[in-house]
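Peer 1: What follows is a structure written as structure tokens; I'll ask about it next.
The values are calculated or read from the model by the stated rules, or taken from the named source; none is laboratory data. Given the structure is predicted, the values throughout are model-derived calculations rather than measurements. Counting neighbours? That spans all protein chains shown, and the Cβs are built from the backbone with ideal geometry, glycine included. Accessible surface areas use protein heavy atoms only, side chains included; no ligands, DNA or RNA. Shrake-Rupley method; radii C 1.70, N 1.55, O 1.52, S 1.80 Å.
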Amino acid sequence: MEYNYLPHTDIEVSKICLGTMTWGRQNTEEEGHDQMDYALSQGVNFFDTAELYPIPAQAERYALTETIIGNWFKKTGKRSEIVLATKIAGKAPFTKFIRETGFSRDSIVEAVNGSLQRLQTDYIDLYQLHWPERSTNYFGQRGYQPDPRDHWEDNIHQVLETLRDLIKEGKIRQVGLSNETPWGTMRFLEEGKVHPSLPRMITIQNPYSLLNRLFEVGLSEISMRSKIGLLAYSPLGFGTLSGKYLEGKPPENARITLFPNYNRYSGDNAVAATRAYKEIADKHNLSLTQMALAFVTSRPFVTSNIIGATSMEQLKENLGSIDTVLTPEILEEIETVHNRIPNPAP
């Protein structure tokens, strides 16, 4: 395994992070525990979760993933070996069963205390805002439609004050963003710079893959100049970049088979791009999965690549990508496809 430091900290994290959003829905608690055991044995020390998980979110399964992780900590006693990240759910129609008060002070405090209890820990290493509370384009939305009633910018200072107080209490160590835009990222950084007593956002967890490289437009420069590291999620585009959906018959129990509304990476252009990337992998005797993951991990603005798996076989292949080296020839061929079919799945 290889490691990076979370920006502006002495916290060292594996370049591959174990994602957990299927535990409690597609995976049992036992399977989640097996994945954590194996990942740790392979040098992975970074786990990412959220109060929203498992996905798709359901009231009867609320925060079950955090509970599964907490039970593993209690069983193994290995909390100190893990850098743990979780998130507060944003305001949305599908999160009304959690709360409807957004990122108010009381909401953040409630969310942190709930996560601590479920995770059976005294502290969270990295606490993230799962998506912007304001009206903007995230989760694959193209374009920006302003809402004149939206004055969420006024809340940024209050959010950072609340997070600062939770850091002082020792409940969280560092803070980060997720599904954020260049404007939102810079506003948070600016607020922290103007008011040095407020915490600095050190990471941003956004989608990034061969099918969605929009992070490179705007955010990558912010990431590298302002030292805010990308935690890349969906590096395989809901599994589409494994190539398993190219055969015509969707595999049983696969994510998009079970939840066909998760079609962000399944449009015609995305399928065409996936086929082209598979041709490159086949030509160079690589697994498409490992080529796709190695590409993400190798980007200079990526602090850690969040992988997820529903089987141990998938997990082993995903973790094995850390040893995949992409030659200049492979990278050039990847760019050729990207230039021909750029960002087919934002």
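Peer 1: May I ask you to evaluate 6.51 cos²θ - 1.76 cosθ + 1.60, the Karplus curve with θ = phi - 60°, for each residue of the stretch 23-35 and list the ³J(HN,Hα) values in order in whole Hz, giving x for glycine and proline?
Peer 2: 6, x, 10, 8, 10, 7, 4, 4, 5, x, 5, 5, 5
Peer 1: Taking the chain as the reference, fit the longest principal axis to its C-alpha atoms, fit the long axis of helix 288-298 to the helix C-alpha atoms, and give the angle between the two in degrees, 0 to 90, nearest 10.
Peer 2: Helix 288-298 sits at roughly 50 degrees to that axis.
Peer 1: In sequence order, what are the phi-derived ³J(HN,Hα) couplings for the stretch 299-309 according to the Karplus relation 6.51 cos²θ - 1.76 cosθ + 1.60 with θ = phi - 60°, rounded to whole Hz, with x for glycine and proline?
Peer 2: 5, x, 8, 8, 7, 8, 9, 8, 9, x, 8
Peer 1: For the peptides 326-339, 118-131, what is the packing order when you average, over each peptide's residues, the other Cβ atoms within 10 Å and list the highest mean first?
Peer 2: 118-131, 326-339
Peer 1: Could you calculate the contour length gain from ASP150 to SER298, that is, 0.36 nm times the residue separation minus the distance between their Cα atoms, to one decimal place in nm?
Peer 2: On the way: separation 148, 0.36 × 148 = 53.28 nm, distance 3.78 nm.
Answer, rounded to one decimal: 49.5 nm.
Peer 1: For a Förster distance of 30 Å, can you work out the FRET efficiency between the beta-carbons of GLN42 and LYS74, rounded to the nearest 0.05?
Peer 2: Once rounded, the FRET efficiency stands at 0.85.
Peer 1: Can you give the FRET efficiency for VAL325 and ARG275, using 1/(1 + (r/R0)^6), R0 = 22 Å, r = Cβ-Cβ distance, to the nearest 0.05?
Peer 2: 0.40
Peer 1: Turning to a different aspect of this structure: Quickly work out the GLU216-to-SER311 label distance, labels modelled 7 Å from Cα along the C-beta direction, and quote it in nm with one decimal.
Peer 2: Reported label-point gap for SER311 and GLU216 is 3.2 nm.
Peer 1: Tell me the label-point distance for the pair TYR3, VAL194, using the 7 Å Cα-to-Cβ offset, in nm and rounded to one decimal.
Peer 2: 3.8
Peer 1: Can you tell me the orientation of helix 105-119 relative to the chain, as the angle in degrees between its alpha-carbon axis and the longest Cα principal axis, to the nearest 10?
Peer 2: 60
Peer 1: Also: Check ILE124: other-chain or 5+ apart residues with amide H under 5 Å from its amide H, H built from backbone geometry?
Peer 2: Placed amide hydrogens put ILE172, ARG173 under 5 Å from ILE124.
Peer 1: Another question, if that's okay. LYS78: which aspartates and glutamates have alpha carbons under 12 Å from its alpha carbon, excluding same-chain residues fewer than 8 sequence positions away?
Peer 2: ASP37
Peer 1: Okay, next question. Leaving out ligands, DNA and RNA, and with a 1.4 Å probe, what % of the accessible surface on the chain is carbon or sulfur?
Peer 2: Of all accessible area on the chain, carbon and sulfur atoms account for 48 percent.
Peer 1: Also, I was wondering about something else. Per the Kirkwood definition applied to all pairs of different Cα atoms, how many angstroms is the hydrodynamic radius of the stretch 1-153? Don't jump to the answer; show the numbers that get you there.
Peer 2: Numbers: mean 1/r = 0.0603 Å⁻¹.
Result for the stretch 1-153 stands at 16.6 Å.
Peer 1: Largest first and in whole Å, what are the equivalent-ellipsoid semi-axes of the stretch 190-346 based on the Cα gyration tensor, each being the root of 5 times an eigenvalue?
Peer 2: 29, 18, 15
Peer 1: Classify the stretch 297-341 as rounded, prolate or oblate, taking a ≥ b ≥ c as the square roots of the eigenvalues of its Cα gyration tensor: rounded when a/c is under 1.5, otherwise prolate if a/b is larger than b/c and oblate if not.
Peer 2: Prolate.
Peer 1: Given 0.36 nm per residue, what is the gain on full extension from ASN285 to ASN253 after removing their alpha carbon distance, in nm?
Peer 2: 8.8 nm
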